[in-house]
Every structure is written in C-alpha cells, then in structure tokens.
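Below: the structure, in structure tokens.
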Amino acid sequence: MNDPSPPSGAIRDRTIRWMLITGSFSSFVALLFTKGLGLVESVFVARILGSYDFGVIALVLAVTNLTSAVGTLGIPSALRKFISGEANSQLAASSTLRTAWHFTAGASLGTGLISILVVLLASPLLPDSRLASFLALGIGITALSGPIVLFTSALQGLGRITQLNVRVTASAALGLALVVVLSFFLSTPGAIAGILLATAVPGVLCLRAVMRAIKELPHRSETRTIGIRDLMGYGLPWLISGLVVLLALYLLNSYLASTLGFSELGTFAVAVTLANAITFIPLAIAAPLVPIVSSLGVNEPVRGKALVPRVMRVTVFTCVPIVCIAIVFSKDIVRLTYGDGMAEAGPLLSIMAVGMLVTAVSSVIGTHLTGIGRMWFGLLLNGSWSLATLAISFVLVGQVGAIGASIGMTMGNVTLAVVSFVIGRRVLGLQFHGVMLPSLWAAAVIGLAQLVSVTPTEFSFSLGAGLTVGATLSAIVLMDASERSMLRELVGRARYWIGFSGKKEA
C-alpha cells in the first residue's frame, strides 16, 4: 500500500517555497508602498527646497549613515541572524535581545557625541555655513534612534515577515506626513529632522510584536548563550564592510559637491533614488530569504545552497522588464516625478539602471553569505565595489560631469557581481545551473533598450512599450515549470490581497 504522505524533504521544500512566496510577496507590497512613499517624499522635498538644498540634504544623510553604522556596530544584522538560528528559544532570544539593546544604546550615544564634537571643530572647513548645524541635528537624532532599529531586525529574524511589513508600511505613511510638514514649515532642517525621525518609527511599532513573538518560542533550558563576543563576531565584519560603502558614497558625494556644485549633486541624487526602485524585488526576496538560509545553514546547508541559482533566475526574469522601462523612459520618469528642472537626471538613470540590475542578481549571493554568517567576505565585496566606483568616477567626473559618477557606480556594480560569482563558486561551492541562459537573454534585452533610448524617433514610445511587453512575455516563456507555478501562486495571492478572489487562504 502506497504511503500518501510526501517525504520529509518534499515537505521541507514546500515549506520553504511557501515562506519565500508569502514573505517575498508581502515584502514586495510593503517595499512598493514604502519606497513609493519614499519617492513621493523625495519629490516633495526636492520641489520645496530646490536642487541646491536637496544636494545639501544628500551630503548630510551620507554623514548620518556613517555615524549610524558606527553607532550600531552591525548588531542589528547579528541579532537577526542569531534569533533566526542559534537563539531560537524564549530564554536565548530574550537574553540576546537585551544584550544587543544595552550594548547598542551605549555605542550609539557615544558615537553621536564624538561625531558632533568633530563636526563642530571642522565647521570652518565646510563648504556651506549651515552644514555644521544641519550635521549636528542629524547626528543627534541618529544617535537616539540607534537602539530602536534593533526591533525591526529582531522581528525579521523571528520570521514574522508579514507583521514586519505591515508595520514598516504604516511607518512609511507616518514618515511621509512628518517629512512634508516639517519641510514646508521648517525648510531644510525640518526635512533633515523628519527623514531621520521617520527611520525610528518602524522599530517603535515592532516592539510589542517582537515581545509577543519571543513568548511563542519553545521553552528550552539548555540553549546556547549569545553574548557580546558572538554578536560582534558577526556584526564587526558587517560594520566594516558597510562603512567601506558608506565612506565611498560620502567621498563621491563630497567630490561631486566640491567639483560640480550642490545642484549637480542633487541631480545625481535624484537618479540614484529612482534607480534604487529596481532593487525592490531583490530586497523583497531577501526579507524571508535571510532567516530561511540562516536556519538551513544550521540544519540543511545543501538545501540552502540549492536556493541560490533558483532565486537568481527569478530575480532576472522579474527585474529585466522594470529595467527596460527605466532605460527607455528615463527622461519621462524624471520629468513626471521631479519636474523639468531635474531633467538632466534622465541619462544618469538610464546608465545606473543597468548597474542596479547586475546588483539585483548578484545580491542573492550576498544574501546567502549573510544567512550563513560568512561576513568577512562582505568586506571583500564592498571593498571591490568602492574601489571601482571611486576610481572610475574620479577620472570621469572632470570630463563628463555627473554622468561620469553614474558610469563609475555602474562599473562598480559590475565589479561587485564578478567578485560575488567568484566567491560563490570557489569559496562557497555554489553551482549556478540554469543561470547562463537568463543572463544572455537579459543582456540582449538591455542592449536593445539602450539602443532605443539613444536613437529617439517619433516611434520611440511605441518601440519602448513593445520592447517591455516583449521582455515580459519572453521571460514567461523562458521560465521553467516550477517558476511558472510560483508565478501563478503569486498572481493568486495578489488577487486575494486586492479582493478579486472571494476564497479564503488555506
């Protein structure tokens, strides 16, 4: 008599698949909403303040990102990793969270005080007399909100992705209202305060959900104790590799401001903001993928490795049509969002969109590294990106302006992807079966999109629309049976969420 129940491996695969689908879908909806509101926020701020002050804000945020990274010391990422893996009991999770909170609070406040002192001492050297007060304001808010962000990482590590996304979405709406009101009434300092205060709102909203989720974890008296050494062992390489990127962005923004002026920096910031929309899908996939890989890394490492090429294929198929739109309609997108005054950001967007696609695909390898705790390789990846981006940008900015910075960032993304594949193959033992054909297809489609964008005719809109539709249809044809099945499940879940289906979820 045949046993109707599937084997444990099949059940595990089905569970992972369901977690990826539900977590990725809710994360994508949340990202679409939050990043969309973030884009609206950026548009409002740029239109209220103008390109010059928008460039000033970009420089201030580059500095506050640095102080935030140093103040939190990579602890949020370490907390997410350990709660989803080793510290998966009530006692271990609550102890780990408490240790992380106390340590981060002290480090964040100390870093903030030192940074403000440095800014005040360096104020005579700043290119704008207002920058010292703006930086002090931003650093102060960042220091106070540092330990609060831990609760968003904890909720993700606990696997409560949908709960996290609901709270992040609500936070985005509150943040938008806060930023617009403060920008309108208090100008540039109000915009800075609103943007940075909004980053703390998700942590506040996640606090109670984290406490409830920890109470639902199993009781185990014999559990591994996660201390500061464990957290820093994971968080320190995360911090250093993150600082490399943030420092590179600060140097690039400073170079643009000093060489071309804050208006050009504002144009570049607009293009970067729009190009980042392409990362919505990989970020959505990464939200459930990190805790899944972390759990598999402890129990089933082979199954974790097998996820990488599958997720890469899905990322290629879903991102390419979006990149086509960003390339072909770059000028229209900029005008529609930021107005004619920012039209010069169009060519920059079409260049950076290619780099963002490359990064979206290769980021799956980075997500795997994060999930299994091989954090020092992140320093190599981020260092490669930073060196390539700065070297090429510094050479080209003087010749072609902000376009040189966009080319430099794109080539930095390509360098990052190459190094990621080498590490994935040689160090992690990953096999990229089935990725070559989608990559060649993506290169052909993107090449056609760039050709359409640089040879404008009266049929440019029709050609661009046709290319986007063709890319979407050909992506569906190239998908295998499991990917089409996943697509059908995603469409079914979307119909349920927007109310087209009267059936309830199982």
How many nm is it between the label spots at Leu120 and Val422, if each spot is 7 Å from the Cα in line with the beta carbon? 4.7
Cβ neighbours within 10 Å, averaged per peptide: list 360-369, 236-245, 445-454 in order, most packed at the top. 360-369, 236-245, 445-454
For segment 389-471, which chymotrypsin sites (Phe, Trp or Tyr not before Pro) pass both filters: DSSP loop (anything but H, G, I, E, B) and at most 14 other C-beta atoms within 10 Å? Phe459
What does the highest-first list of 53-62, 332-341 look like by mean Cβ count within 10 Å? 53-62, 332-341
Can you pick out the pairs among Lys81/Lys305; Lys35/Lys305; Lys215/Lys305 whose Cα atoms lie more than 27 Å from each other? Lys35/Lys305; Lys215/Lys305
Might you work out the accessible area of Phe329 for me, using a 1.4 Å probe with all protein chains in place, and round it to the nearest 10 Å²? 30
Two pseudo-spin positions, 7 Å from Cα along C-beta at Arg335 and at Ala443, lie apart in nanometres by 3.4
Calculated FRET efficiency, Ser95 and Ser462, Cβ-Cβ r, R0 51 Å, to nearest 0.05? 0.25
Please work out how much length the chain gains when fully extended from Leu109 to Phe44, using 0.36 nm per residue of separation minus the C-alpha to C-alpha distance, in nm with one decimal. 20.3 nm
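Once you order the gyration tensor axes a ≥ b ≥ c over the Cα atoms, which shape class does segment 27-146 get: rounded for a/c under 1.5, otherwise prolate or oblate by comparing a/b with b/c? Write out the running numbers ahead of the final one.
Details: a/c = 3.86, a/b = 1.44, b/c = 2.68.
The shape class here is oblate.
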Could you give the nm distance between label points at Val454 and Ala173, where each point is 7 Å from its Cα heading toward the beta carbon? 4.5
The rounded separation in angstrom of the Cα centers of segment 306-375 and segment 165-221 is 26
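Given a 1.4 angstrom probe, I'd like the percentage of the accessible area of segment 317-401 that is carbon and sulfur, rounded to a whole number.
The value for segment 317-401 is 68 percent carbon and sulfur by accessible area.
The values are calculated or read from the model by the stated rules, or taken from the named source; none is laboratory data. All of these numbers come straight from a predicted model, not from anything done at the bench. Quick reminder, even Gly has a Cβ in these numbers, built from the backbone with ideal geometry, and neighbours come from all protein chains shown. These area figures cover heavy atoms from the full protein model, side chains too; ligands, DNA and RNA do not enter into them. Shrake-Rupley method; radii C 1.70, N 1.55, O 1.52, S 1.80 Å.
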